[in-house]
Amino acid sequence: MAGGRRARLRAAAAATAELDRKHAMFRDELEQRLQVQRQLRESDARVRAIVDSAPIVLFAIDRDGVITFSAGVGPDPLGKQPGEALGWSASDLFVEHPVVVEGIRQALSGIDGRVELTQGDRTFSFSLAPFRDAAGNTAGAIVVAVDVTEGRRAEAALRQSLETLKQVDQNRRALLRRLVHAQEEERRAIASDIHDDSIQSMFAVGLRLFTLREALHDAAQIEQVDRLQENVQQSTDRLRHLLFELRPAALDEGGLPAALRQYLDAMKQESNIDVELEAELEGSPASVTQVIAYRIAQEALANVRKHARARRVECAVSAVDDGILTRIVDDGVGFDGSRNGAVPGHLGLIAMRERAEMAGGWFRITSSAGNGCVVEYWIPDARKGVADAA
């Protein structure tokens, strides 16, 4: 009898302990759920605060196409106040904007999308995406509308600026072509006058001096005539050199490589400088491009002849990036390249740079005292640009 009573007491104690354990578990689970609910409310409040303060408008649409949520402080695409669109059918709300209606339909079908809406003078960008339930089924759509008016205006202003720059560049190219053409025509005219007038006159003077010398018998008079003939010949040679400098025939007949070859050969003959030319031009660049490249090379080689005291000069011409790349290297005395072209006796460096940049290209020079000089420049082929801008 006593044993049965003790067994019942032990069973009752065990049942009480189990009840206490389950009660404690229930209390812990309840506290956890309450904590999760508090965290969810806080998270919801934070999300709501973010949405309400963001410069956007956020819509939530259920699977039937009804707006169930609306928030944000951005300008509403349809001019409504926050929350005013709740309960509306999205198709009715955006009935005048079929691209938005179609985007919402696609989102409710599970497809992301992006469309734009213009309302008055404002432009809005819509991002549309489906949201899904726990089973992975589309339960509705989220729509975020952002006012992109200022961005679109900035893009339009940028496009206009680019168009203006293109027009300015076309006008600059056309002006450069006219300028180069006018300069070269003036050079041709002067060269023609020198050839037809001055050189012919000097030739006539030489003939008369020759005739006079044949008639003389006095040694002193013959010596004076010889000196006059020598002076006339020197003047004629200078005129012929000026004629070549003004407009080498090879530039018209054989293009840039032929003109540079002729200039380098004359330079070697006059200055005893060893020269080398490498030319790899594909096709035939525009005449104005070849003229500009030649004039810059002419100035650079003249600097080598006058100032560099070089023993050798190498010139390379090649077709690069729809243009002409020229590289001139000498082994002369060089100069302080840190002066950026402001070198005494080298005023042509500035002119070369300006001529290349005006043509839409670039110019650079590398040198140091005692280490020679490297001149490089690139001129875009006018045939590749807007050839009819003139």
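Numerical summary
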read-out: Per-selection Kirkwood Rh - region 207-304 (Cα, Å, 1 d.p.); value: 16.2
read-out: FRET efficiency for residue 383 and residue 201, using Cβ-Cβ distance with R0 set to 41 Å, rounded to 0.05; value: 0.50
read-out: For residue 350, solvent-accessible area (1.4 Å; no DNA, RNA or ligand), Å²; value: 80
read-out: Test item: Cα-centred dipole of the chain, Lys/Arg +1 and Asp/Glu -1 on Cβ, debye; value: 2400
read-out: Percent of alpha-carbon pairs separated by more than 15 Å within region 169-228; value: 67
read-out: Rounded accessible area of residue 270 (nearest 10 Å², 1.4 Å probe); value: 110
read-out: Kyte-Doolittle at least -1.0, axis length at least 20 Å by Cα - qualifying DSSP helices, the chain; value: 2-53, 199-215, 219-246, 255-271, 287-303
read-out: Selected from 97, 307, 23 as most flexible by GNM, with the chain as the system and alpha-carbon contacts under 10 Å; value: 23
read-out: Distance histogram for region 249-369 (every C-alpha pair counted, 5 angstrom bins, percent rounded to whole numbers); value: 2, 11, 22, 24, 21, 14, 6, 1
read-out: For residue 140, distant residues with modelled amide H under 5 Å away; value: 131
read-out: Inverse mean reciprocal Cα-Cα distance (Kirkwood Rh) of region 114-246, Å; value: 23.1
read-out: Sequence of 358, 202, 267 when ordered by accessible area, the most exposed leading, probe 1.4 angstrom; value: 358, 202, 267
read-out: The chain, relative contact order in percent, only Cα pairs under 8 angstrom and at least six apart counted; value: 9
read-out: Accessible carbon and sulfur surface of the chain relative to its total accessible area, %, 1.4 Å; value: 53
read-out: Cα-based Kirkwood hydrodynamic radius, the chain, one decimal, Å; value: 30.3
read-out: Estimated 222 nm signal from helices in the chain, with DSSP H stretches of n ≥ 4 weighted -39500 (n - 2.57), rounded to 500; value: -18500 deg cm²/dmol
read-out: Which of 363, 210 is most accessible, then next, and so on - probe 1.4 Å; value: 210, 363
read-out: Charge dipole of the chain about the Cα centre (unit charges at C-beta), most positive-ward option of 35, 272, 97; value: 35
read-out: Computed accessible area, residue 252, all protein chains, 1.4 angstrom probe, square angstrom; value: 90
read-out: Cα lying deepest toward the dipole's positive end in the chain, options 285, 148, 363, charges on Cβ; value: 148
read-out: Probe 1.4 Å, protein heavy atoms only - accessible area per residue of the chain in square angstrom; value: 60
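The values are calculated or read from the model by the stated rules, or taken from the named source; none is laboratory data. Because the structure is a prediction, the values reported are computed rather than measured. As a convention, Cβ positions derive from the backbone with ideal geometry for all residues, glycine included, and neighbour counts pool all protein chains shown. Only protein heavy atoms, including side chains, enter the accessible area calculation; ligands, DNA and RNA are left aside. Shrake-Rupley method; radii C 1.70, N 1.55, O 1.52, S 1.80 Å.
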